[in-house]
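Remarks on the structure that follows.
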Amino acid sequence: MEIDLGRAKRARRAYTFDDIAVVPSRRTRNPEDVSTAWTIDAFSFEIPVLGAPMDSVVSPRTAIELGRLGGLGVLDLEGLWTRYDDPEPLLAEIATLPDADATRRMQELYSEPIKPELVRDRLAEVRDAGVPVAGALTPQRTQDLYETVVAAGVDLFVIRGTTVSAEHVSKVAEPLNLKKFIYDLDVPVIVGGAATYTAALHLMRTGAAGVLVGFGGGAASTTRATLGLHAPMATAVADVAGARRDYLDESGGRYVHVIADGGVGTSGDIVKALAMGADAVMLGVALARATDAPGRGFHWGPEAHHAKLPRGRRVAVDRVGPLEQILYGPAPVADGTANLIGALKKSMATTGYSDLKEFQRVEVVVAPYGH
């Protein structure tokens, strides 16, 4: 339903995760009988969780740990781990910077050139641990580094930006041809972000295995303030899930996975993202709260150190417990920041659903109490 903003502009009402709630049905189950497994391409995971490609969230070590725990850690191949032989002292420095100095200093640290040999070595470190390997590049860097990434041996390749389109127009540089690029690769590609039905449908037509939903809604993002862009996530996920449904018919049965990326900070947000049609979630701040996360109690994304137009910031986060406790408990707090998977299973069991595909059909209401 559209509403009038003025005589010359109308807008559609959109909803965030805070605006909605799931509703129990006539059936309940035991949480032990619920499955949170999901599959993308040839890879199966015990939990629908991807660690966001942010230096405060995923290092080679935490990618390995997340893989051991049943999820997928996505390494930022443009981060400190591919610019410096030993970034640990720099991560420690970022955690001690005064707020007023954080952006400028991070811009300096991230101005160091990316070293292809470090891209190779970091991915090899994860592969040697025997867990699935995933790395992320922005569209701008993909042309330069993808051959190194593929040669290093990734299982899943992520192209992630503030917004990624199937048709990028540029007068100053040769744009990335997503359809040709994905066709030529031998590994499944996840692309995003997208926030509308049309944008997602075009990305699906490029051959992507998955589409990331969202931009400008994360805890460390200021995209809404700097660019005026925002994607209320409940509506965005539902719209992209609608594109997935229609593309399934259009393509004769090709299923593209929908991954909520942004605004998923608590276990309740995970529940709502999946209820709106997501197959999995990409977590940033939720995993940055782990005591063994590389951010050391702070969280930031790649937008925070953009050389010309930062669209994010370094934010302090409450450290809750080790990564395993964040995912599987026991929870020392009652605010949805720990035992994320236990909470998801409890919600699925309370509403009577046994697996994630079924749970996408759960009844949802607009919450009358708002935030």
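The values are calculated or read from the model by the stated rules, or taken from the named source; none is laboratory data. What you are looking at is a predicted structure, and each value in this text was computed from that prediction instead of being measured. Ideal geometry is used to build each Cβ from the backbone, glycine not excepted, and the neighbour counts take in all protein chains shown. The area values use the complete protein model at the heavy-atom level, side chains included, leaving out ligands, DNA and RNA. Shrake-Rupley method; radii C 1.70, N 1.55, O 1.52, S 1.80 Å.
Here are the numbers for the structure shown:
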| quantity | calculated |
| --- | --- |
| Signed unit charges on C-beta, dipole axis of the range 271-338, positive-most listed residue Gly336, Val271, Pro294 | Pro294 |
| Per DSSP, loop GluC sites (Glu not before Pro) in the range 265-371 with at most 15 further Cβ within 10 Å | Glu363 |
| Leading residue at positive end of dipole, the range 219-287 (Cβ point charges), from Ala243, Met282, Gly253 | Met282 |
| Glu88 paired with Asp33, simple spin-label distance in nm, labels 7 Å along Cα-to-beta-carbon | 4.8 |
| Relative contact order computed over the chain (Cα-Cα under 8 Å; 6+ residues apart), in percent | 23 |
| Surface per residue (accessible, 1.4 Å probe) for the chain, Å² | 45 |
| Rg ratio (alpha-carbon, reference 2.2 N^0.38 Å) - the chain | 0.95 |
| Cα centre as origin, Lys/Arg/Asp/Glu Cβ charges: the range 43-184 dipole, Debye | 440 |
| Qualifying trypsin sites (Lys or Arg not before Pro) in the range 223-285, DSSP loop, other Cβ atoms within 10 Å at most 16 | Arg254 |
| At q = 0.11, 0.18 Å⁻¹, base-10 log of I(q)/I(0) for the range 257-371 (Debye sum, equal scatterers on each alpha carbon) | -0.41, -0.97 |
| The range 257-344, accessible surface, carbon-and-sulfur percent (1.4 angstrom probe) | 53 |
| The range 248-290 versus the range 310-326: alpha-carbon centroid distance in Å | 19 |
| Length added when fully stretched, Glu46-Ser354, from 0.36 nm per residue minus Cα-Cα | 109.5 nm |
| In nm, spacing of pseudo-spin labels at Arg12 and Arg61 (7 Å Cα→C-beta vector) | 4.5 |
| 5 angstrom amide H check on Ala280, placed H, neighbours 5+ away | Val258, Ala260 |
| Partner lysines for Lys346 [C-alpha distance under 25 Å; skip if fewer than 8 residues away on the same chain] | Lys272, Lys357 |
| J(HN,Hα) series, the range 342-355, from Karplus relation 6.51 cos²θ - 1.76 cosθ + 1.60, nearest Hz, glycine and proline x | x, 5, 4, 4, 4, 5, 4, 5, 5, 8, x, 10, 9, 8 |
| Loop chymotrypsin sites (Phe, Trp or Tyr not before Pro), the range 264-365 (other Cβ atoms within 10 Å of the site Cβ: 11 or fewer; DSSP) | none |
| Estimated translational D of the range 36-112 in µm²/s (Stokes, Kirkwood radius over Cα pairs; 10 °C; 1.306 mPa s) | 114 |
| The range 187-280: equivalent-ellipsoid semi-axes (sqrt of 5 x gyration tensor eigenvalues, Cα, Å) | 22, 14, 11 |
| Straight-distance crosslink candidates among lysines, where the alpha carbon sits under 21 Å from Lys179 and sequence neighbours closer than 8 are dropped | Lys171 |
| Set of lysines near Lys115 by C-alpha distance (under 22 Å), chain-local residues within fewer than 8 positions excluded | Lys308 |
| Over the range 49-191 - Rg/Rh using Cα atoms and the Kirkwood inverse-distance radius | 0.98 |
| Label-point separation in nm, Thr96 to Glu112, each point 7 Å along Cα→Cβ | 1.7 |
